[in-house]
Amino acid sequence: MNSEVPTPAPQKLPRVLTRTQLTAGLILITLLPFCFVVVLYVTSPALDDPVLQVEARVGPRAWPTDLAADARVVPSLILKNPTSQDWENVNLSINEQFHFVHPRALRAGEEIFIPLKFFQTKGNQYYPPESHELKLLTVYAQIPSGARAIAEIPGSELTEP
């Protein structure tokens, strides 16, 4: 009987990265996405938002309506869409701190008024018109093209004639 025991084939050792190779690989994996974002930022053209054509002024208005028995005259922001297009997602900001979101679309030629006390911070503090000067009104709206149009109106231009 021939009892030859086969000799096992020599095993290949697994490839192992050295410390230097591992460090270089981790740095490369981290920096490549960052470099890609920087290249996109540098090569992308800067697009300005369209300017929103809006008529705005501040004046007294009866709230909730002129006909209500409990109506009060309050300082309000009167906003008019003088264009022939409807605006969606109308947002307003006083002094870049107090915000108001209009709940529905503003139709072409429509005028609305919003009591100044309806503007509030993200922490739900209301705008006090008696103690804070209205320095800047910013109006944002989505126009029919889908773009966001912006109007910035200094407070000095908002007083009623």
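The values are calculated or read from the model by the stated rules, or taken from the named source; none is laboratory data. Just so you know, these numbers come straight off a predicted model, no measurement behind them. Cβ placement follows ideal geometry from the backbone for every residue including glycine, while neighbour counts extend to all protein chains displayed. When the accessible area is computed, the model is the full protein with side chains, heavy atoms only, and any ligands, DNA or RNA have been set aside. Shrake-Rupley method; radii C 1.70, N 1.55, O 1.52, S 1.80 Å.
Across segment 71-129, Cα pairs under 8 Å and at least six residues apart give a relative contact order of 37 percent.
Compute the Cα gyration tensor for segment 70-161, then decide on rounded, prolate or oblate, letting a ≥ b ≥ c be the square roots of its eigenvalues: rounded whenever a/c is under 1.5, prolate when a/b is larger than b/c in the other cases, and oblate in all that remain.
Working: a/c = 1.65, a/b = 1.48, b/c = 1.11.
Judged from the Cα gyration tensor, segment 70-161 comes out prolate (a/c at least 1.5, a/b above b/c).
The count of lysine pairs in the chain that are at least 8 places apart or cross chains, and whose C-alpha atoms lie under 20 Å apart, stands at 4. The charge dipole of the chain, taken about its Cα centre with unit charges on the Cβ of Lys, Arg, Asp and Glu (plus for the first two, minus for the last two), comes to roughly 800 debye. For helix 19-43, report the angle its Cα long axis makes with the longest principal axis of the Cα atoms of the chain; keep it between 0 and 90° and round to the nearest 10°. In the chain, helix 19-43 runs at an angle near 30 degrees to the longest axis. Based on DSSP H segments of at least four residues, each scored -39500 (n - 2.57), the chain has a per-residue ellipticity at 222 nm of -5500 deg cm²/dmol. Could you identify which residue out of L116, L137, L28 has the top mean-square fluctuation in a GNM of the chain using Cα springs shorter than 10 Å? Comparing L116, L137, L28 in the GNM, the peak value goes to L28. Per-residue surface analysis assigns L26 an accessible area of about 100 Å², computed on protein heavy atoms at 1.4 Å probe radius.
Quick check: the distance between the Cα centres of segment 126-148 and segment 66-106, to the nearest angstrom? When both Cα centres are located, 9 Å separates them. Out of [x] 10, 39, 37, 13, 1; [y] 11, 38, 28, 16, 7, 1; [z] 9, 25, 21, 11, 8, 8, 6, 4, 4, 3, 2, 0, which label holds the value of P(r) over Cα pairs in 10 Å bins from 0, in percent that was computed here? Only one option fits the structure, namely [z].
Of G25, G123, G59, the residue with the greatest mean-square motion in the GNM of the chain, using alpha carbon springs below 10 Å, is G25.
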